[in-house]
Amino acid sequence: MIIIIFFILHWYISLFSQTFFLHRYSAHRMFTMNKTWEKFFYLILYISQGSSYLTPRAYGILHRMHHAYSDTEKDPHSPHHNKNVFTMMWKTRKIYNDIVDNNSNAESGFKKNLPEWELIDKIGEMGISRILWALIYIAFYITFATQWWMFLLLPVHFLMSPVHGAIVNWFGHKIGYSNFKNGDESKNTLPVDFLMLGELFQNNHHKYASRANFGVKKFEFDPVFPFIKIFSFFRIIKMEKL
């Protein structure tokens, strides 16, 4: 049970950091926060993503490219221009690395108003940091695993962020229903969205990219939006409309 609880906690805390801080804040600026809270969530992001840490600046640029070129050949992660989910992940990783190394030809508009903490970004991108986090996961499993099959979960820990991204971008643009005609293939994959904290309401999100609540219909529940309302109430974040 300890291993399963650890896996679930890592999955959802990492995913929350990705959707709240990387996606809704860094890429879309759906709300604002002061520098103290920004650094707090920056640290949570690094700790929760661990070996698969993504810098907010690079993620923000990559995601803005995805919206601008959704499901075209210039989309960094469209399932409609990749043979399978693994080739899509590899392509996305290459573009991400180019952005991190400042070798990207991304438009200047994609690079504006992005959070940066040079120290954490540098540490998070270091190979030694990724290896140390991987060793921590392995040590935890050696200590608490009671069945051999539990070790099969380790690769997901190592690649947690790319796994989340692959699920959202592959299934969210291939399987489900559409509320809006957006000129792309974005879908709402409602039956499994509880696994992805609202991220699989892709069709809704591509229609209203700056809307903090990814659910639109009455039956569409975005699990992260209540946290956003709570954070706003306690003035951790600031937004004009809820």
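The values are calculated or read from the model by the stated rules, or taken from the named source; none is laboratory data. All of these numbers come straight from a predicted model, not from anything done at the bench. A quick note on method: Cβ atoms are made from the backbone with ideal geometry, for glycine too, and the neighbour counts reach across all protein chains shown. The area values use the complete protein model at the heavy-atom level, side chains included, leaving out ligands, DNA and RNA. Shrake-Rupley method; radii C 1.70, N 1.55, O 1.52, S 1.80 Å.
A few notes on this one:
- The chain pair-distance distribution - Cα-Cα, 5 Å bins, rounded %: 1, 6, 13, 18, 20, 18, 13, 7, 3, 1, 0
- In a reduced charge model with +1 at each Lys and Arg Cβ and -1 at each Asp and Glu Cβ, region 36-109 shows a dipole moment near 160 debye about its Cα centre.
- Sites Asn34 and Arg130 - FRET efficiency at Förster radius 41 Å, r taken between beta-carbons, to 0.05: 0.85
- Using 0.36 nm per residue and subtracting the Cα-Cα separation, the extra length available between Ile142 and Arg235 on full extension is 29.3 nm.
- Accessible-area ranking of Ser178, Ser51, largest first, probe 1.4 Å: Ser178, Ser51
- Annotation: for a label point projected 7 angstrom from Cα along Cα→Cβ of Glu116, residues of region 22-61 with backbone N closer than 17 Å are 26-27, 35, 39, 42, 54-61.
- Per residue, the convex hull spanned by the Cα atoms of region 118-242 measures out at 184 cubic angstrom.
- Accessible area in the full protein assembly, largest first, 1.4 Å probe, for Phe233, Phe16: Phe233, Phe16
- Rg over Rh, two decimals, region 19-117 (C-alpha only, Kirkwood Rh): 0.97
- Surface composition of region 77-210: carbon and sulfur atoms hold 65% of the protein heavy-atom accessible area at a 1.4 Å probe.
- At the residue level, Val156 shows approximately 40 square angstrom of accessible surface with a 1.4 angstrom probe and all protein chains present.
- Gyration tensor (alpha-carbon) shape descriptor, region 82-180, a/c threshold 1.5: oblate
- With 29 Å as the limit on Cα-Cα distance, the pairs of Lys94/Lys238; Lys112/Lys217; Lys39/Lys217; Lys35/Lys229; Lys94/Lys217 that go past it are Lys94/Lys238; Lys112/Lys217; Lys39/Lys217; Lys94/Lys217.
- Of the DSSP H helices in the chain, those whose Cα atoms cover at least 24 Å axially and whose Kyte score averages 0.0 or more: 127-144
- Multiplying the residue separation of Ile13 and Val192 by 0.36 nm and subtracting their alpha-carbon distance yields 62.7 nm.
- Put a plus charge on the Cβ of each Lys and Arg, a minus charge on the Cβ of each Asp and Glu, and nothing anywhere else: the dipole of the chain about its Cα centre is then about 500 debye.
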